[in-house]
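Here's the structure, in structure tokens; my notes come after.
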Amino acid sequence: MTNRPCSRSPRRVPHDRGALSIFTVIITLAVVVFFGAIIDFGQKLDARHDANIAAEEAARAGAGHVDVDRAYARGGTFVIDRDAAVRAAQQYLRVSGYTGTVTPLDDRRIRVHVDISRRAIFLPLIGITTLHVRADAVADLVTGVEGEGR
């Protein structure tokens with residue numbers, strides 16, 4: 001028996017050609033979408049924080065408006081001036097660049113609802129183009145300290 005070297009070179013299987021490249025593209029796209037989602041959801045958390053702050057501050061701005069006629073009337077009580085409170089809260093939202101609704105709940109409380117929409121940066125790759133957040137806040141007119149020490 002003679003040992004002859006094999007003259008055949010290894011052949012590539014035609015159906016495997018480019019499989020690693022496709023896998024790399026898919027994994028890269030998944031990583032980009034994953035990190036993009038982290039960035040966009042971080043942006044959504046920031047927007048939620050901004051909406052909460054705006055709602056709270058607008059509610060405080062509105063709840064600070066006292067109905068002077070009722071406060072100085074005989075045996076008067078301190079209540080909010082509903083019209084002035086709504087105008088003040090809406091003005092705060094407008095000046096701050098937010099949109100929302102303002103509702104007086106009763107004679108001492110006001111509710112502000114804020115909606116914020118921000119464009120997504122990376123999530124449009126999977127069809128999510130806008131991030132929406134909502135926040136509500138209620139402020140109460142406080143006119144003094146009340147407690148057991150009276």
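Each reported figure results from applying straightforward, stated rules to the coordinates on display, with no laboratory input. A quick note: this is a predicted structure, and the numbers were derived from the prediction, not measured. In this analysis, Cβ positions are derived from the backbone assuming ideal geometry, glycine residues included, and neighbour counts consider all displayed protein chains.
A few remarks follow.
- Spread over its residues, the convex hull of the C-alpha atoms of segment 28-71 is 37 Å³ per residue.
- Modelled spin labels at His132 and Asp106, positioned 7 Å past Cα toward Cβ, are 3.2 nm from each other.
- Peptides 121-129, 92-100 ranked from most to least packed give 92-100, 121-129, packing being the mean of other C-beta atoms within 10 angstrom over each peptide's residues.
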